[in-house]
Amino acid sequence: MARADELIMDGVDQVVAADLAAVCGAAAWWVGFFAIIRHRGVHHRSLQPSTASIARMVLEEAAGIVALGMAIRVLEEHLRAGGVAEAGLRMAYCRALAASVAVERRMPALLEELGELRLVDLVSMAVPWRGRFTKYAGGTGAGQVE
């Protein structure tokens, strides 16, 4: 929810605000769900069972990135649907894109801290443009480049 609030500082339509709040909440849920079932997964590079624990702050950062990626998609759809004239909506989209570029610097270390394949896949593919360039060392996963 904090991510949604950061993006809509200039104000947006109530529908857009509700959509952003929904996807940000869902992002936290998915990261939490994959963290809970992590004991059944494998490390994204070695494909060996995941054993290391994950710090709460790392999970919060991961949830923020997934929320950012979902927010970008929601904002793009609202802009396509005729919201280009809304200055607040355009500013929210610009903030989201700028934030996605800013988090990229931290992404490799974050993915290594997450370790587990499903979490890494979720976080690395969250930002729309980023997933196209992701390939796991083992050649597995949805991010595999053909």
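What follows is calculated from the coordinates using simple rules that are stated; it is not laboratory data. If you're wondering where the values come from, they're calculated on a predicted model, not measured in any experiment. In this analysis, Cβ positions are derived from the backbone assuming ideal geometry, glycine residues included, and neighbour counts consider all displayed protein chains.
Remarks
- Full extension of the segment from E60 to V84, taken as 0.36 nm per residue of separation minus the current Cα-Cα distance, would add 5.5 nm.
- The fraction of all Cα pairs in the stretch 32-123 landing in successive 5 Å bins from 0 to the largest distance is 3, 13, 22, 18, 14, 11, 9, 6, 3, 1, 0, given as whole percents.
- Most tightly packed first, judged by the mean number of other beta-carbon atoms within 10 Å of their residues, the peptides 74-84, 24-34, 49-59 read 24-34, 74-84, 49-59.
- Given their separation in residues at 0.36 nm each and the Cα-Cα distance between them, L47 and F33 gain 3.0 nm when the chain is fully extended.
- Cα shape, the stretch 69-123, gyration tensor, a/c 1.5 rule: oblate
- Applying 0.36 nm per residue to the separation of E77 and E112 and subtracting their alpha-carbon distance, the gain on full extension is 9.4 nm.
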